[in-house]
Structure formats: structure tokens, C-alpha cells
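The values are calculated or read from the model by the stated rules, or taken from the named source; none is laboratory data. Treat the numbers as computed from the prediction; the structure is a model and nothing was measured. Ideal geometry is used to build each Cβ from the backbone, glycine not excepted, and the neighbour counts take in all protein chains shown.
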Amino acid sequence: MTTPPTMQTGALIVVEVRSAYLPEQSQPEANRYAFSYTVRLSNRGSEPAKLVDRHWIITDADARVEEVRGAGVVGETPHLAPGQSYEYTSGAVLRTPVGRMHGSYGWITDDALRFRSPIPEFVLSMPRVLH
């Protein structure tokens with residue numbers, strides 16, 4: 001059994017997400033539902049790390065899946081020392097009023113060790129659609 005890379009590097013990134021429906025950017029009659037999500041990344045480990053990439057898996061209520069990969073987040077590659085946090089807001093547009101997202105972030109420590117931190121699954125939902 002191997003130890004997860006986050007433990008091998010001494011880095012531990014905690015990912016917290018909250019989402020919101022954006023009625024002013026949505027058009028339900030055209031199957032367009034816009035959401036924002038705010039992510040807080042906190043380095044709770046003992047080593048600095050720089051975020052280098054992201055991988056999102058976005059699934060709508062009709063089980064359509066979209067994968068998004070790219071460098072950094074919102075045009076940035078934050079470097080977090082132990083105890084530091086970084087927060088950003090981005091968005092997603094779905095064809096259904098409900099969906100979900102999850103994925104992972106890629107990091108590199110100052111010692112050039114690479115690791116990934118999971119993004120826990122969260123729900124995107126138009127108000128009053130889910131109980």
C-alpha cells in the first residue's frame with residue numbers, strides 16, 4: 001500500500017466550495033442555467049506549494065458530462081505557504097437546473113514534487129428544485 005502523494009510531499013491542501021445560482025445570467029426557457037462557485041484553497045501542510053492545473057468533471061441532470069482541464073485557475077497560479085489560503089470565483093453553465101461538479105487540482109512543491117488534491121463533489125441547483 002502506498003501513501004497518497006499529498007502525504008509524501010508534506011503538503012496538504014484543503015478544498016472548500018460553495019455554489020450559487022445566477023438568475024440574471026440564466027435563461028430557463030432556453031435551457032441555460034448559470035451558476036457561480038467560490039473555491040477556497042488552504043495549505044494545511046508543512047511545505048509551500050504552487051497550483052499548476054485543474055481538472056473538472058461537470059455533470060448535468062441528463063447525465064451529460066463535460067471535462068475541463070487547464071493551467072491554473074482564473075488566469076492565476078497561486079503559491080501557498082503553510083497556513084495560507086487563496087479564494088477565487090468562477091462559473092459554469094448547464095442545460096439543466098441541477099448538476100454537480102468535482103475534480104482535482106495539480107500542485108508542485110518548492111522541491112519540485114507533484115501531487116493532486118481532490119475537489120469534493122458539490123451540487124449546482126436552481127432554488128426550489130431540490131428538496
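For segment 8-17, the count of residues that are assigned to a helix (DSSP H, G or I) and either at pLDDT below 95 or over 24 Å from PRO127 (Cβ atoms) (or both) is at least one.
Is segment 42-57 home to any residue that is of a type in the set (Val, Ile, Thr), surrounded by 18 or more Cβ atoms within 10 Å (Cβ to Cβ) and modelled with pLDDT of 95 or more? The answer is no; no qualifying residue exists. Among the residues of segment 62-75, at least one is in a strand (DSSP E or B), surrounded by 12 or more Cβ atoms within 10 Å (Cβ to Cβ) and of a type in the set (Asp, Glu). Within segment 109-131, take every residue that is over 18 Å from VAL15 (Cβ atoms) and aliphatic (A, V, I, L, M) and give me the one that is surrounded by the most Cβ atoms within 10 Å (Cβ to Cβ). Selected residue: MET126. Of all residues in segment 76-108, which are outside any strand (DSSP E or B), surrounded by 13 or more Cβ atoms within 10 Å (Cβ to Cβ) and not β-branched (Val, Ile, Thr)? Within segment 76-108, PRO78, PRO82, GLN84, ARG95, PRO97 qualify.
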